[in-house]
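A short worksheet on the structure shown next.
The values are calculated or read from the model by the stated rules, or taken from the named source; none is laboratory data. The structure presented is a predicted model; accordingly, all values stated were derived computationally and were not measured. Please note: Cβ atoms are built from the backbone with ideal geometry, for glycine as well, and neighbour counts cover all protein chains shown.
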Amino acid sequence: MAKSKPAAKRGTAKRSKREAATNAPQAGSAPAIDIGLSTAERRKIADGLSRFLADAYTLYLRTHSFHWNVTGPMFNTLHLMFETQYTEQWTALDLVAERIRALGFNAPGSYGEFERLTSIADEPGPADTTDWREMVRQLTVGNEAVCRTARQVLKTAEGASDDPTVDLMTQRLQVHEKNAWMLRSLLM
C-alpha cells in the first residue's frame, strides 16, 4: 500500500501549481526581456542607436540622391562609388533597426523622427548645387558625423557590456571611416 502525502504538503503543492499558473504569461503574450541588460541600459542604448539610425538614414538618402544627380568629369567614378556606398548603407540600416527591436524598443521610421534625431545638418541638395566637389564634401562630413554618433553609442554599449551593439558599431565605424577617407582623398 502506497503512503499518501500529509494534508499540509498536498495543499502546498496545489497552491504552488495554482500560483505558477496565475503568474505564468497568458497564451500569446511574450515574456519580459531578460538578456542581461537592465531596462534602463537597454533604453539608453536603443536611444543612441535611434540617433545613429537617423544619421545613417540621412546619409543614405543624401548618398542616393547624389548618385542620381552627379554630373561632370567625375560622373562615372562618383556614380559608381555612390551606388556602392548607398547599397551597403541600406543593408546596414536594417541591422541597426533590428538591434533596436532586439533591445525591446521601436525603431524610428518617419522623416520627422529622423529629422529630430539626426546630427547631420540639412544642406543644399542637387537642386541647389550640381558641383561634384560639394557633393563629395557633404558626404565626407556626413560620414564623419555618423562616426561620431557611432562612437557615442559604442561607449554606452561598452559600459553596459552589450557586446552585440559594440560589434555592430565597430563594424559601422570601419565602413564610415573608410568612406570618409576615400571621399576626402578626392578633394585633395
Within segment 167-188, is even one residue at pLDDT below 95, over 21 Å from residue 84 (Cα atoms) and either part of a loop (DSSP other than H, G, I, E, B) or among the β-branched types (Val, Ile, Thr) (or both)? yes
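I need a count of the residues in segment 176-188 that are exposed (fewer than 13 other Cβ atoms within 10 Å of the Cβ) and over 17 Å from residue 88 (Cα atoms). Can you show your working first?
Kept after step one, since they are exposed (fewer than 13 other Cβ atoms within 10 Å of the Cβ), are these residues of segment 176-188: 178, 181, 185, 187-188.
Checking which are over 17 Å from residue 88 (Cα atoms) leaves us with 185, 187-188.
So the answer is 3.
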Elements of type helices (runs of 4 or more DSSP H) in segment 54-159, at least 3 residues being touching a Leu at 6+ places or on another chain (Cβ under 7 Å) and under 19 Å from residue 187 (Cα atoms): 132-159
Please pick out the residue among 184, 148, 172 that is farther than 30 Å from residue 39 by Cβ, of a type in the set (Lys, Arg) and out of contact with any strand residue (DSSP E or B) (no Cβ under 9 Å at 6 or more places or on another chain). 184
Residues that are farther than 15 Å from residue 169 by Cβ and among the β-branched types (Val, Ile, Thr), drawn from segment 131-153: 136, 140, 141
Take residue 11 and decide whether it is outside any loop (DSSP other than H, G, I, E, B) and either loosely packed, with under 11 Cβ neighbours inside 10 Å or modelled with pLDDT of 50 or more (or both). no
Please state which one of 97, 56, 32, 40 is closer than 25 Å to residue 161 by Cα and surrounded by 22 or more Cβ atoms within 10 Å (Cβ to Cβ). 56
Of the residues that make up segment 157-175, is at least one surrounded by fewer than 21 Cβ atoms within 10 Å (Cβ to Cβ) and over 18 Å from residue 49 (Cβ atoms)? no
